[in-house]
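Reviewing the structure listed below.
Just so it is clear, none of the values below were taken in a lab; they were calculated from the coordinates. None of these values were measured; they are calculated from a predicted model. All Cβ positions, even for glycine, are placed from backbone atoms using ideal geometry, and neighbour counts span all protein chains on display.
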Amino acid sequence: MSRQAPPYACLTPELILDAAGSCGLWPDGRLLALNSYENRVWQIGLEDAPPVVAKFYRPGRWSDAAILEEHQFVRELADAELPVVAALAFDGHTLLQHAGFRFALTPRRGGRAPELEATDQLQWLGRLIARIHLIGARAPFAQRGRLDRETMVQQPLRAVLASSLLPPSLQPNYRAAATRLDQAIAARMQALEPLRSLRLHGDCHPGNVLWTDAGPHFVDFDDARTGPAVQDLWMLANDEASMLALLEGYQQFRDFDHGELALIPALRAMRQMHYAGWIASRWHDPAFPAAFPFAAESRWWEQHVADLHELADELA
């Protein structure tokens, strides 16, 4: 098991309040931890203004340039009047530093989960995602990488094999299943080439869409990267009818290559591989054993190996 120091061991409530104070804000002492494992996210009450949300970035995950590229992309979207939450600037800077931590502050924007069975809401989401993609297609990311097999399959594979979470008896079976799945994903992606890529939200699942009486807004562009348009659609579609509703809205603003729908099984498989690798690579963070205790059980890994074989069969 990793002997890395816990990444947020020094992130105390006092430090969080001091970080906000270093930007000229006046915290009133109220702190609310928000649901996040990759980073640490807190709502901070202010004495003379509405609360703000502070995201403390996980050390070592993204370079400063990559974080700033995300901020700039979200600012582009906000300037185009898209419903996103952009980082606040202080003296012209959106990426802030305090006591060795990098962080950003945003306005607090609440909301409820979208109703993914409602055709009108799916069409609305489709229209907004198309508008995000119109801007995403204007220029490429230079720093944030791609949604590819190296990032989503091969790196997670190495993380799992390097972790003590995977029982030694399962290592050969896991390696064989993961390799077989990687080959199936590669074959599916090669069969669909050439694929158009653009700047994406990257992690557009229902938890990153908040709905208010004014409609939806998109949050957490922390996984923004380059990839195919369908990546921002498939996690919002529960079935074929849902996807049709999303695409009906999407195509009001932007053409969609329907060939990309054949990528969905590969993208689903990549996400499942990445999930296990993510847990394995973050296990030294005390938040992970507490939140994902099942990953320490042999039976979970046995099921994971079976799932990888099933996904490879589906792709084949």
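Across segment 119-315, Cα pairs under 8 Å and at least six residues apart give a relative contact order of 37 percent. Counting neighbouring Cβ atoms within 10 Å and putting the fewest first, the residues MET152, MET273, MET189 line up as MET189, MET152, MET273. With contributions of -39500 (n - 2.57) from each DSSP H run of at least four residues, the per-residue ellipticity at 222 nm computed over the chain stands at -12500 deg cm²/dmol. Per-residue Cβ neighbour counts within 10 Å put ILE44, ILE264 in the sequence ILE264, ILE44, beginning with the fewest. The residue list TRP283, MET235, GLY259 was ranked by how far each Cα lies along the charge dipole of segment 178-316 toward its positive end, using unit charges on Cβ atoms, and TRP283 comes out on top. Its Cα centre serving as origin, the chain has a Cβ charge dipole (Lys and Arg +1, Asp and Glu -1) of approximately 820 debye.
Reducing segment 182-201 and segment 202-246 to their Cα centroids gives an inter-centroid distance of 19 Å. Charged side chains reduced to their Cβ positions (Lys and Arg at +1, Asp and Glu at -1) give segment 13-107 a dipole of some 380 debye around its Cα centre. In plain terms, the residue of GLU310, GLU81 with the fewest other Cβ atoms within 10 Å comes first and the most crowded comes last, giving GLU81, GLU310. Each Lys and Arg Cβ is given +1 and each Asp and Glu Cβ -1; about its Cα centre, segment 149-226 then shows a dipole of about 440 debye. Considering only ILE44, TRP62, LEU25, and ranking their Cα positions along the charge dipole of segment 12-72 that arises from unit charges at the beta-carbon of Lys, Arg, Asp and Glu, the one farthest toward the positive end is TRP62.
Could you tell me which of GLN171, ASN35, ALA296 has its Cα farthest along the dipole of the chain towards the positive end, charges placed at Cβ (Lys, Arg +1; Asp, Glu -1), taken about the Cα centre? Checked the options; the winner is GLN171. Shape analysis of the chain places it in the oblate category; the axes a ≥ b ≥ c from the Cα gyration tensor give an a/c of at least 1.5, with a/b not above b/c.
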